[in-house]
Amino acid sequence: MLLITNIFAQNKNDFDKEFIQIFKTNKNTKILEVIYEYYKKKEWDSLLIYSDRLLKTTKNEKLNNLAHYFRGHGFRGKSLFKESLAEYQLISSKFPFYSYVECTIGETLLLQNEYTKALQSFIPLEKRYNTIKYRPIKSVLLHNIGLCYFHLKEFEKAENYLLKGAALQKKENDTLLLISSYMDIANLYYEQYKDNQAIPYFQKAYALSQKIKNFEIKQNAALNMAVVEENRKDLTKAMLYRKEYDTWKDSVNNQNKIWAVAETEKKYAISQKQKEIQLLESENKVKVSQRNGFVASSILFLLLFGTAFYFYNQKSKTNKIIEAQKEDLDALNATKDKLFSIVSHDLRSSVNMLKVTNTKLLKDIANRDYDALDKIVHKNAAITNSTFNLLENLLHWATLQTQQLYFHIESVDLYSVIQQIEYNYKPLFENKNLVFTNTIPKATLALADLNSLKIILRNLLDNAIKFSNENGTISVYIDDKNDAFHYLIIEDTGIGMDEETRTNLLKEGNLLNKKKNQKGIGTGLGLQLCKSMIQKNNGVFTIESIENIGTKMIIGLPKYKSNG
């Protein structure tokens, strides 16, 4: 976990004093105040616009340094790291907060996995730390140096810096940073197979997480403990930690979903009210025009006839528009009703299956039949995961349909994305004894929206696991024969499908599908969601499959081509 902290968080008063002094001695006070407000609110686009305006209106070196500094933060906030570094490198070493600039350059390089270059910024800063007037947070600096050495496999140096950083955080009672430090130290020892040293730090991180209100940190700490107990073969404890992890994950998801639904409902209500106002305004205009026409009818008969014809023509056009909208609404309602019917059936089936297996679970616990207990727990976990994926896909589908989903296309490292998703899916692979391989070359960059790409890959991996046999294999690799696209392939050795099923799954607008070889009812919502999101990412999608041999899900994403 990379500790990137706002470098003014501990030194806000110093920065404010320096900034106020600039306000008092400069005629550009108004624009500086606007820039600083956007910086504090993290409104990056507005920050970039006004800081660029400042650069064009002044030749003062101090103001130029400030403008480049804020532009660097703006680009970094938008994940445009190359542009961010270019702005930071334009700042003079006379800038009062230049040590912050050096630290931020190192952190930006660390985010880009440029560990050796990052150290070239961090190490000199550490050596002269005590001579600097305005200093970044030392525990964060030490921690980031430790992370660089960790990734460079220099474990002894990494251990030294990570432990120093954690000691400072403990002394400063910085609980959030300390939890992250303990997790990173534990991962360092795990990487070296020093489980006995790693586990106590995972336990410390978990214990501290109970004292905070951050749900994401709580769920990460619980997940780490679940993995530890699974590796130690203590399935009962692992199950409890998994349950706690799911509880915190649900808390985060429910909170996000509640806000998303509330925001959607608010926008829908506003939209409906605007339509009502527009309709009333149109009706009032028609009434006024008709009244004026009747008053002048004795004098302007021809004008009245022309006006009447005009309104008749407008009414016909309006009726056609209303009829077309009615047909679209009927189609959407039919799709919604069908979707809700199938989703409710799936949810009812899942809940009923959980009731049955939980009854069996209680019976086996009473009889102390631990072999059967292990199978039931894994089965319950699979049912819960399937139900959660169904609800998550339904939410994403609804967001996509209302055009509320934002896509930010950027360069994405395909190997790293698959590696992140693989970590979360390890328990599912182990449950079916599946061998997973990721042979994508490192630094394989494609143009895509990161969040939607993760949704696509999770859905396709879910399907690969679901339709794989015990002791099968799932492989992820790249076909780079095309100059314009990276073809990312997810291949399984599962039950496959016949040509009719494959063709139906690829049909446009085929929202609800039932796979011919699938047991039970399937909405096909996940695959439809994948197809829509791949299209939004300017990609292509196809399926290759042979019944009883396996399936290849193939995603084509545009290649990232560096300007350099």
Table column - 3J(HN,Hα) (Hz), the stretch 303-308, Karplus curve with 6.51, -1.76, 1.60, x for Gly and Pro = 5, 4, 4, x, 5, 4
Whose amide H sits under 5 Å from the amide H of Phe436, counting only residues 5 or more places off or on another chain, with H placed in the peptide plane?
-> Ile474
Give the long-range amide H neighbours of Ser545: residues separated by 5 or more places, or on another chain, with amide H under 5 Å away, using H modelled in the peptide plane at 1.01 Å from N.
-> Lys552
Exceeding the 18 Å Cα-Cα cut-off - candidates Lys285/Lys317; Lys237/Lys355; Lys170/Lys211; Lys275/Lys326 | Lys237/Lys355
Eight or more residues apart or on different chains, and alpha-carbon atoms under 13 Å: count the Lys pairs in the stretch 408-558 matching that.
-> 4
FRET efficiency for Ser93 and Thr175, using Cβ-Cβ distance with R0 set to 30 Å, rounded to 0.05 = 0.25
Given +1 on the Cβ of Lys and Arg, -1 on the Cβ of Asp and Glu, and no further charges, what dipole in debye does the stretch 81-123 carry about its Cα centre, rounded to the nearest 20?
-> 100
Please work out how much length the chain gains when fully extended from Ile365 to Leu111, using 0.36 nm per residue of separation minus the C-alpha to C-alpha distance, in nm with one decimal.
-> 86.6 nm
Per-residue Cβ contact counts at 10 Å, fewest first, order Val101, Val435, Val417, Val34 as Val435, Val34, Val417, Val101
Asn431-Leu354 pseudo-label distance in nm [points 7 Å out on the Cα-to-Cβ vector] | 1.3
For the stretch 142-154, just list the computed ³J(HN,Hα) in residue order, Karplus coefficients 6.51, -1.76 and 1.60, θ = phi - 60°, integers in Hz, with x standing in for Gly and Pro.
-> 4, 4, 5, 5, x, 5, 4, 5, 4, 5, 8, 6, 8
Find out how many positive minus negative residues lie around Tyr477, taking Lys and Arg as positive, Asp and Glu as negative, among other residues whose Cβ is under 12 Å from that of Tyr477.
-> -2
List the aspartates and glutamates whose alpha-carbon lies under 17 Å from that of Lys363, not counting same-chain residues fewer than 8 positions away?
-> Asp371, Asp374
Exposure proxy check: Asp45, Asp250 ranked by fewest other beta carbons within 10 Å?
-> Asp45, Asp250
Can you list the equivalent-ellipsoid semi-axes of the stretch 12-252, largest first and in whole Å, using the square root of 5 times each Cα gyration tensor eigenvalue?
-> 40, 20, 15
Just grab the label-to-label distance for Glu281 and Glu61, each label 7 Å out from Cα along the Cβ direction, in nm (one decimal).
-> 5.6
At Tyr134 and Thr247, where each label point lies 7 Å from the Cα along Cα→Cβ, what is the point-to-point distance in nanometres?
-> 4.5
Cβ-placed point charges (K, R +1; D, E -1), dipole of the stretch 91-183 about Cα centre in debye, nearest 20 = 340
Long-range amide H partners of Asp449, meaning residues 5 or more apart or on another chain whose placed amide H is closer than 5 Å, are Glu410
Phi-based couplings in Hz for the stretch 70-83 (Karplus 6.51, -1.76, 1.60; Gly and Pro marked x) = 5, 5, x, 5, x, 5, 5, x, 8, 6, 9, 5, 4, 5
Go ahead and run the numbers for FRET between Lys40 and Ile299, Cβ-Cβ distance against an R0 of 60 Å, rounding to 0.05.
-> 0.35
Order of Thr437, Thr384 from fewest to most other C-beta atoms within 10 Å?
-> Thr437, Thr384
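Computed from the coordinates by the stated procedures, all read-outs in this text should not be read as laboratory data. Worth saying up front: this structure is predicted, and the values here are computed from it rather than measured. Cβ sites come from the backbone with ideal geometry, for glycine too, and all protein chains shown count toward neighbours.
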